[in-house]
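Rule-based calculations on the coordinates, nothing more; no lab input. Remember, it's a predicted structure, so these values are computed and weren't measured experimentally. Methodologically, a virtual Cβ is constructed for each residue, glycine included, from the backbone with ideal geometry; neighbour enumeration extends over all protein chains shown.
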Amino acid sequence: TLIECPFELGQQSLIRVDLLQIDEHEWLLVLVQHHMITDGWSIGQQLSELFHDYRYFLGKESHLTPAPALQYNDYVAWQRQQR
């Protein structure tokens, strides 16, 4: 249902995440994103940060990925000020 259910713009998040257990030792991470929030650069960045943080929880990295200094809402506010 994660894939089949349409996104309701303005009603919910434009990304869905679920962790499915395949068997006792195997899991599948499912990420479903609306195309409005996905492009070649951002999907690569998201996966890079996800893999980095996963390695952190395995004890192979010294720190989590820092939160971005700006959020999309900051960009929207800046863009409105430019008008």
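Which one is farthest from the chain's Cα centre (by Cα) among residues in region 1-37 that are assigned to a strand (DSSP E or B) and of a type in the set (Asp, Glu)?
ASP23
Remark: pairs (first residue in region 35-63, loosely packed, with under 12 Cβ neighbours inside 10 Å; second residue outside any helix (DSSP H, G or I) and of a type outside the set (Asp, Glu); Cβ separation under 6 Å; 6+ apart in sequence or on different chains) are absent. Quick one: is GLU26 of a type in the set (D, E, K, R) and under 20 Å from LEU64 (Cβ atoms)? No: the conditions fail for GLU26. Report whether or not VAL32 is surrounded by 12 or more Cβ atoms within 10 Å (Cβ to Cβ) and β-branched (Val, Ile, Thr). Considered against the rule, which asks whether it is surrounded by 12 or more Cβ atoms within 10 Å (Cβ to Cβ) and β-branched (Val, Ile, Thr), VAL32 comes out as yes. Select from region 52-78 the residues that are farther than 21 Å from LEU9 by Cα and assigned to a helix (DSSP H, G or I) and list them in ascending order. Within region 52-78, HIS52, ASP53, TYR54, ARG55, TYR56, PHE57, TRP78 qualify.
Test SER48 against the criterion of being small (Gly, Ala, Ser) and within 26 Å of THR1 (Cβ to Cβ), and give yes or no.
On the way: small (Gly, Ala, Ser): yes; within 26 Å of THR1 (Cβ to Cβ): no.
Here the answer is no, as SER48 does not meet what is asked.
Does any residue of region 39-51 turn out to be under 17 Å from TYR72 (Cα atoms), outside any loop (DSSP other than H, G, I, E, B) and of a type in the set (A, V, I, L, M)? Yes: one or more hits.
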